[in-house]
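This report concerns only the one structure given below.
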Amino acid sequence: MNQLVPRRLQELLRSGFENSSCVLLLGPRQVGKTTLAREFGKVYVPDCEPIDLEQENARQIIENFDDFATRQRGKITILDEAQCAPNMFPRLRNVLDAQAQQGPGEDRSLWLILGSATQDLEGLANQNLSGRFRQLWLAPFDFSEINSQQSLLISEAAINMDNEVMEVSDIGEHVKSHDLVRRLWLRGGFPLSYLADDDTASLEWRRDYLKSILGPQAPVRKANVRADLLGPLWEQLAIRQGEPCGVDQLSGGLGCNKNELEALLYFLEHQNLIRAVRRWSWNPRKRLERQPIWFIRDSGLLHGQLRLERINDLLGSEIKGKSWEGFVLESLLASVPPETEIFYYRNDKQQEADFVLKLSANQYWVIEVKYSATKNVSPGFYRACDELNPERRFVVHAGIESLKKGDAGRLDWFCLPDALGQLVYLNN
C-alpha cells in the first residue's frame, strides 16, 4: 500500500535547523528516516533526493568534500547511511565551523545526516562534530500520526471528568479511533508493516525484518560478543514481556556471561527496540539496583515473534494483557515531554502501580493499565498513590469509550485516545 503518513518529527526538524546547520536523524532500519528526509528536503529543493553513501558511486561524489560542499552552498544536503563514509566527518566539521564564522545568511547550507547503524554513526558524530549538531530520533508510527485527521479524538466529556455521567458527542468517531488503535497495536508502527495490504502481508514483513536485524550479521560493535545470541535473547524478552527480570536470570538462560548479555541488551536498547522500565525508589541509587521490567517497544515486532497474525489471535493469547501494557506505555511516552522519566512501582507492602511518570522533580502521574474495563484496580494501587501523592491518577483500558468515574468516584477510566488527550497540555 502506497500511503504517506505525515510525521510529527517534521516540525522538530524545522526547529532543529533554526539553531543548527546540521541535524543527525537516527532510528531503526525501515522506520521511515529516508522518506521523512526526502519530504522535508522538498521544502528547500523540489526534487531533493538523499545521497545513499552505502553506494560506491555516491561516495565518489563526496570524495573531494570541499568542492562538494561549495556546490551545495545554500541548499539542504541529505546524506543517508553516513556511517559508510567515516572520513567525511572531519571535513564536514571544517565546513560547519567556517559557516558558523560567517554567520546566518541566504547561502547557509543545511546538512541532514541519516543512518541506521546507530552506534557507529553516533560515535562518528560525537567524535568529530561535538557541539555542532542536533540529534533527533525517529520512532515507528504512533497514534497521533496514524489518525486520519492528524489530531487526537478527545471527547469533551473525557476532558471534564467531573461530569456525573459522560456524554459522548460522536460514538462513530470513537469507533473509528478504536479501530485505528487496534490495527496499530496488532501490526505495530513500522510503516511497511502498518500500511501492508492485509494482516498476512504485515506479519510476513515483520518476520523477515526480525531475521534481518537479529541474525549473526547484526552490527553489534563490541569485542567477544556473540551476535548469534541476539535471536535467543529476543525470544526470551518476548516471552517475558512486561515482567521483572534481572541480567543474571537472562544470562543463565542463554548460557552466556553477564558482560556479554549487557552488551546485547545495550545494543537492542540503543536501537530503540527494547525498553527497560526500572522500579521506583525514593533513593535514585537504589533504582539502578532493582530488577527492570523489559518491554519490546514495537508491539508489531512482539506479535511477529509470537506469530500472532490477526486481532483474534492476539485477543486469544496469554500475552494479550502484557502486550497491551507495553503498547500503552509507548503511546504515552510518545506524547509526553522528552525529559519525562518512567518507572513501575512495587514494594514489600503490596503497594503497586503499573507506571509512574516523573514529569519534573515534584510532579508525578500514576497510571494503571487494564485490558478490560470490567476489572477494578487492586487496593494496593490506592496505597501506592497515597505513598506517591501524584498530581494525576487514572486507568487506561482497551475499550472504545472512556467511562464515568469508577471505584466509588475515586478514579478515571480512559480509552487510549482520551488518555493521550490528558497529556496534550504537558507539551504546550
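The values are calculated or read from the model by the stated rules, or taken from the named source; none is laboratory data. For clarity, every value in this text was computed on a predicted model and none was experimentally measured. In this analysis, Cβ positions are derived from the backbone assuming ideal geometry, glycine residues included, and neighbour counts consider all displayed protein chains. These accessible areas exclude ligands, DNA and RNA; they are computed on the full protein's heavy atoms, side chains included. Shrake-Rupley method; radii C 1.70, N 1.55, O 1.52, S 1.80 Å.
Summary of values
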| item | result |
| --- | --- |
| Residues within region 310-335 that are open to solvent by less than 20 Å² (accessible area, probe 1.4 Å) and acidic (Asp, Glu), tallied | 1 |
| Glu18 vs. criteria in a helix (DSSP H, G or I), modelled with pLDDT under 90 and surrounded by fewer than 17 Cβ atoms within 10 Å (Cβ to Cβ) | yes |
| For Leu359: the one exception among (1) more than 21 Å from the chain's Cα centre (by Cα); (2) surrounded by fewer than 20 Cβ atoms within 10 Å (Cβ to Cβ) | (1) |
| Selection from region 221-245 of residues that are open to solvent by 10 Å² or more (accessible area, probe 1.4 Å) and under 30 Å from Lys370 (Cβ atoms) | Glu235, Gln236, Ile239, Arg240, Glu243, Pro244 |
| Residue identified as basic (Lys, Arg), open to solvent by 10 Å² or more (accessible area, probe 1.4 Å) and at positive phi among Arg307, Arg297, Arg290, Arg275 | Arg307 |
| Test set (1) at pLDDT 95 or above; (2) of a type outside the set (Val, Ile, Thr); (3) open to solvent by 20 Å² or more (accessible area, probe 1.4 Å) - Arg285 fails condition number | (1) |
| Number of positions in region 366-403 that are acidic (Asp, Glu), surrounded by 18 or more Cβ atoms within 10 Å (Cβ to Cβ) and under 13 Å from Ala353 (Cα atoms) | 1 |
